[in-house]
1. Hey, rough spin-label estimate for Trp224 and Ala198, points 7 angstrom out along Cα→Cβ, what's it come to in nanometres?
2. How far is helix 113-126 tilted, in degrees, relative to the longest principal axis of the Cα atoms in the chain, given as a value from 0 to 90 rounded to the nearest 10?
3. Checking a compactness column here: for region 19-233, what do you get for Rg(Cα) / (2.2 N^0.38 Å), N being the number of residues?
4. If the elastic network links every pair of Cα atoms under 10 Å, which of Val56, Val25, Val121 fluctuates the most in the Gaussian network model of the chain?
5. Using a basic spin-label model with each label point 7 Å from the Cα along Cα→Cβ, how many nm lie between Lys36 and Trp106?
6. Which value results for Rg/Rh of region 115-228 when Rg is the Cα radius of gyration and Rh the Kirkwood radius based on the inverse mean 1/r?
7. Could you state the angle between the C-alpha long axis of helix 11-42 and the longest principal axis of the C-alpha atoms of the chain, as a value from 0 to 90 degrees rounded to the nearest 10?
8. For the chain, find the longest principal axis of its Cα atoms and tell me its angle to the long axis of helix 144-168, 0 to 90°, nearest 10.
Amino acid sequence: MTTPDPESHPSWLTWPIRAIAIVVVLPFRLLWEAVKLVGRFLERFVLAPLAWLWRVLVVIPVSWLAGVIWTGLRAVGGWVLVALRVLIGVPAVWLWRQVVLPVLRWVYRWVLRPVVVAVLVAASFVVERMIVPAAVFVYEWALRPAGRAVVWFLRAGWEGTAWLGRQVYRFLVRPVGIGLVWIYRYLLRPVGVALGWAWRYTFGALFRGVVIVWRATVMPASRWVRDEIWRPGAAAARSVLVAVGLRR
């Protein structure tokens, strides 16, 4: 696509557009250029000197003063730590070694250790004299008889179920199976064989003979009637109907 040439517009339309652009756009453009000029002037002759003064009069002195204070604090802190170590650390170490540790050893030897030993002895006595005999009593007079009773009950149930299964098999399943086998072998199978033989040599032979006669006589005759009479007659009737206009 080609852009239309601005010179191809009619002059009566171009001059009003240019006049509107000069009246509307030009003042804003001049105002923007004036603002940019003022901004460059302020940046060069106002903001830059103020930034230099701020750095020289505030930032550099404050940084130097902060460094001096930090160095002084580090020196004073070192002196304070040394003084605390001398005035507090050394006496605290002496107090710990000479007073606290002996007291703790005495408390452990004459208080905590006897208490722990007494607790262990009491616990051992309770376990050996009370808990173990009670557990043995519960096992001998409750759990063991209950387990034997459960085992006896399961064994009796299993043996009773097995005995009942053997009786059902002996007096019900086996006689019924033998009877069914005998009925099949001496009744159903001979009857089935006799019916098969009768069907094969009577109705089966008759049916096969009818099929052979049908295939040998009726089917060839029907094919001859269809090919020699029906189809030519239908074609002749159709041509006659088309000729007289009764069929298209």
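1. 4.0 nm
2. In the chain, helix 113-126 runs at an angle near 20 degrees to the longest axis.
3. Taking the Cα Rg and dividing by 2.2 N^0.38 Å, one obtains 3.64.
4. Val25
5. Each label point lies 7 Å from its Cα, and together they span 9.3 nm.
6. Rounded to two decimals, Rg/Rh equals 1.79.
7. For 11-42 against the chain, the angle is about 50 degrees.
8. Long axis of 144-168 versus the principal axis of the chain: about 20 degrees.
Coordinate-derived values only; no laboratory data. Note that the structure is a prediction, hence the values are computed from the model and not measured. All Cβ positions, glycine included, derive from the backbone under ideal geometry; neighbour counts span all protein chains shown.
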